[in-house]
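Here's the structure we're looking at; comments come further down.
The values are calculated or read from the model by the stated rules, or taken from the named source; none is laboratory data. Computed from a predicted model, the values in this text were never measured in an experiment. Please note: Cβ atoms are built from the backbone with ideal geometry, for glycine as well, and neighbour counts cover all protein chains shown.
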């Protein structure tokens, strides 16, 4: 069952990457639905049966009954099923503020070299000229308070920018010490950024560094889809593709309706290597 | 049944006085046990069946099952029986802080002309030389946050002093405006002080004023049992004695074991007037 | 205790003393029956120009029927508490009811964007948790609350928050201003006629909303007896004296879910989301609000008993959602 | 934001960052079994010099059996969180375990008075609610909390509180320093082996104690399965990851009551109160602590099954005290 898969799409790929980081030993705050939620749901079925995650509505350690109805990833009986504790939003934020959240996992619109997150406006804020989005939601609390934040975004030039147009949720702001100067707890911050094509960490300068890429892209392709040139790890790793088992669980038990995974390009194993399938 | 009683003691007298102030229309924070608790329990059975009071453990509007075991006036199933809501101490304090508590009722060790309350030390604080008592408990919150505070104390020279040795819970501190200068909410403060012998209100100068006395004492007797001379209301009222019904309920349903009412001198109606019975 | 940084935006005035006076003078301290219709509750307790908070949202145990009634009564100039929201703000702004929003998260859509550009709507920036923390401060009667998040963001600059030097540690700490909405609308599982109310399951800030708001309308799936509350006082989420109006609203969260009672209606959810994304609620409001006079009529004529039976049937999980 | 007034007393250092690091490094984030005896729990998690908070008190759903175990192990130099207390502080001070007390309310008695005079015990002044508010701040990970009480008292002068100019209203407002005890002991109705715990009925600050304290020992009347918690997650008062040790302690609050489970033993209460008022716990400790090795032995040999049956029988009210 742990056979590497030969057909999967970009979303499935990134969900499996994050899912493999998830461990019973830690507490996670999972932002909304999408890839973050699907990653932990997958991990709970693969390797972390006692997984504990919390959501913004103060739900602690549920054994969610999937699939969910559209948008019903919180404050719904399937999402909150068999939790250890039910609270409310201030309770979730208190736990994070106290240092109980080891990892935060969140998807985002736009990220910059310091890991700052924009979910507010692309373009100019003043006068409402830019293209406006919904605001930080719970992501600000996760990004500020979790010990380590895992971001998920797309590998697109407009999503990977030198400086976000608006810091909705804090990365390292403008470098070492900046978070603390603005009252954020020390020792916290961005840890990984995942895209369907690559995985980034951070250097001592608090700036993004490519650490691994997917087997179906080249480093050049990744760099082309960024607005700035990041540091590159001395030894660049190749990310492992999803296994058949992961995909089966994801497709048949979690994202049954394809709400999350039915977007993104398909990858196939052909002629001894992984590459994008013809559309 | 509303016949004036002819035999009662000082405690019963003061409990009945306070009980008559209690009304369904308002919310009360009742300090601990003793006279305050017995007053509201009596009121609930006399005139205010829908009476709402809260206690320090965040119990809202119970229909307490009396009598209580010794000290079991909070966090016990009889005291908290059939409440509208169960909370904890911070909830009680929040409600008071928000202005929900119309009246606070509390018993105290020592009170001064500004209504300041001492439950910490009689004598010198520094070095532990004075006689030490248990501290403000919940009384500080009641005295600071209830719109109107009703105090109960004994009519004794050492309990009615010009200036308390230690302000444990705030009265008017040192006069008009002082509470606000120390961050307490405006419009709050002491409203009445009841003793078994007299009832005091406050003048515009925030100082105690005798407004009424019991029919079994003279004004002179009351003044003799005070360490300072208070203002005297232009028209001094005579407090009405307990009724037979009040006493019957108090003795047979509330303070059955006499935990609260078995202290204090007895009063009898003799030769057309009320006076202290021979010991 | 120096102020190190200050957001530059307007915020609802912080006035704990004024709020206390309002609680004393206007809240129904006595246990009196407050049962009334949607129409009466909104007429009496939602006023033009109010700061309005709703708990949860149009899809998740939110006061959807009350939001529709507010639109029906064409309230004006509301300032919205836009936390954890997909479409409620868009509905209220597009319907002409609201012109200011404190944002945690909302479905923005092209209509609000245009209103902002045309200066018909003003946005203030927070996060979901910063807003619920503001409500928490409002629910405790204090003027502000320290927080360890939100500093360093651009949102901070467009908020009413401040960063001060903590007088206990000397380090920078953020303060959020207390929020005491003029009115809150809260949908619950059960209430009695006096306003004691129970929410089962997780939530956003129902208890805080009730305690923090000058006026409170509770809509409830079920009206139960006060004895029911006295039987299990730990389950009481909201105490009667915080509540001004109790509205019996079965399926009040439709098209959203009420945990343990009924599932969401995915088609109804998608219909509203579509209108939000298109920036055009004209047809939606015509069908779901203006075509009927009341919530009862809405359920009968627009939603239909078959749909209601279906969403109730689809809610198979009941554990933890009854007392 | 000017500081207008400051209490002059020592207080447990305010250090939210240090507390966060302690939560990260020392709290059991994973679900692991923590069932152990009184002896082991106190040996491992109560240390000489600790700041110790207990929830409720020796007579009212308090961790009485854990307090006796602390005495039995002759812990030293504890700093006590003396809120809502009749005899717990007196027992711990007279037994030589504690030498500092933050006071909300305690039964003082002649022994502590003498210890204060002889500088063997130091007292810091608060009120019950100010202390629980300090715990609340500690339970939220913030350095302080505003409050509208305690200002103007003499207690304030002997506390760690400050009055500052509120940067939002310009008015004076009191700040209480957050309290993060080294260890808390909490008695609950039910717990599972991981530390998930339920308190039924009212309480003082059990949830705050668990969240605010570096180490937490929960003693429970009953050990139930985790499934039981998952069946009704709204009843969970304390989450497992805040808890370091779970002790099965039937009648753990004796001579006090546990609501819905057993009544207090009035004679036991009076015996302890008498010792406190006399300032002499010598005989009390001999009989109730030193004569036995464990809580089980205490129940069998000192209290006796007849008494236990009686206090259980006398607790006739069960409504609201089960899930």
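For beta carbons closer than 8 Å, sequence separation of 6+ or different chains, a first residue in region C:224-235 that is at the interface with another protein chain (Cβ under 7 Å from one of its Cβ atoms) and a second that is assigned to a helix (DSSP H, G or I) and modelled with pLDDT of 95 or more, the qualifying pairs are C:229/C:235; C:234/D:235. Remark: residue A:2 matches the filter, which requires a residue to be modelled with pLDDT under 95 and either within 10 Å of another protein chain (Cβ to nearest Cβ) or surrounded by fewer than 24 Cβ atoms within 10 Å (Cβ to Cβ) (or both). Number of residues in region A:29-45 that are out of contact with any helix residue (DSSP H, G or I) (no Cβ under 6 Å at 6 or more places or on another chain) and either within 14 Å of chain D (Cβ to nearest Cβ) or outside any helix (DSSP H, G or I) (or both) equals 3. Each residue in region B:173-191 was checked for being crowded, with 19+ Cβ neighbours inside 10 Å and under 17 Å from the mean Cα position of the chain (by Cα), and 3 pass. Just to be sure before I move on: is residue A:71 within 18 Å of the chain's Cα centre (by Cα), in a strand (DSSP E or B) and more than 30 Å from residue A:217 (Cβ to Cβ) in the structure I sent? No: the conditions fail for residue A:71.
Checked against (1) in a loop (DSSP other than H, G, I, E, B); (2) out of contact with any helix residue (DSSP H, G or I) (no Cβ under 9 Å at 6 or more places or on another chain), residue B:62 meets all criteria but (2). Please enumerate the residues belonging to region C:166-187 that are within 13 Å of chain A (Cβ to nearest Cβ) and farther than 29 Å from residue A:119 by Cα. C:166, C:169, C:170, listed by residue number. Name every residue in region A:175-203 that is outside any strand (DSSP E or B), touching a helix residue (DSSP H, G or I) at 6+ places or on another chain (Cβ under 7 Å) and more than 8 Å from every other protein chain (Cβ to nearest Cβ), in order of residue number. Scanning region A:175-203 gives A:188, A:189, A:195, A:196, A:197. Inspect all residues belonging to region A:100-117 and state whether any of them is closer than 22 Å to residue C:166 by Cα and out of contact with any helix residue (DSSP H, G or I) (no Cβ under 9 Å at 6 or more places or on another chain). No, every residue in region A:100-117 fails to be closer than 22 Å to residue C:166 by Cα and out of contact with any helix residue (DSSP H, G or I) (no Cβ under 9 Å at 6 or more places or on another chain). Among the numbered conditions (1) surrounded by fewer than 24 Cβ atoms within 10 Å (Cβ to Cβ); (2) more than 10 Å from every other protein chain (Cβ to nearest Cβ), the only one that residue B:26 does not meet is (2).
Close Cβ contacts (under 6 Å, 6 or more residues apart or on different chains) running from residues in region C:249-278 that are away from chain A (no Cβ under 12 Å) to residues that are at pLDDT 95 or above and part of a strand (DSSP E or B) comprise C:249/C:219; C:250/C:221; C:252/C:187; C:252/C:219. Restricting attention to region B:75-84, the residues that are within 7 Å of another protein chain (Cβ to nearest Cβ), touching a helix residue (DSSP H, G or I) at 6+ places or on another chain (Cβ under 9 Å) and either within 18 Å of residue D:136 (Cβ to Cβ) or crowded, with 24+ Cβ neighbours inside 10 Å (or both) total 2. The number of residues in region D:128-150 that are at the interface with chain B (Cβ under 8 Å from one of its Cβ atoms) and over 20 Å from the mean Cα position of the chain (by Cα) comes to 4. If only residues of region A:228-279 that are out of contact with any strand residue (DSSP E or B) (no Cβ under 8 Å at 6 or more places or on another chain) and in a strand (DSSP E or B) are counted, the one that is farthest from residue A:207 (Cα to Cα) is A:270. Report whether or not residue B:232 is surrounded by 13 or more Cβ atoms within 10 Å (Cβ to Cβ) and over 30 Å from residue B:162 (Cα atoms). No, not satisfied.
Across region A:192-215, the qualifying residues are those that are touching a residue at least 40 places away in the same chain (Cβ under 8 Å) and within 15 Å of residue A:235 (Cβ to Cβ), and the one among them that is surrounded by the most Cβ atoms within 10 Å (Cβ to Cβ) is A:198.
Listed by first and then second residue, the pairs with beta-carbon distance under 7 Å, at least 6 apart or on different chains, first residue in region D:99-114 and facing another protein chain (nearest Cβ under 9 Å), second in a strand (DSSP E or B), are D:103/D:82; D:103/D:123; D:103/D:124; D:103/D:125; D:104/D:82; D:106/D:82; D:108/B:132; D:113/B:132. With respect to being within 14 Å of chain A (Cβ to nearest Cβ), more than 26 Å from residue A:60 (Cα to Cα) and buried (at least 24 other Cβ atoms within 10 Å of the Cβ), residue C:153 fits the description. Scanning region C:296-323 for residues that are more than 30 Å from residue D:234 (Cα to Cα) and surrounded by 15 or more Cβ atoms within 10 Å (Cβ to Cβ), we see that the one that is nearest to the other protein chains (Cβ to nearest Cβ) is C:303. Here no helices (runs of 4 or more DSSP H) wholly within region D:207-323 include at least 3 residues being modelled with pLDDT under 95 and over 18 Å from the mean Cα position of the chain (by Cα).
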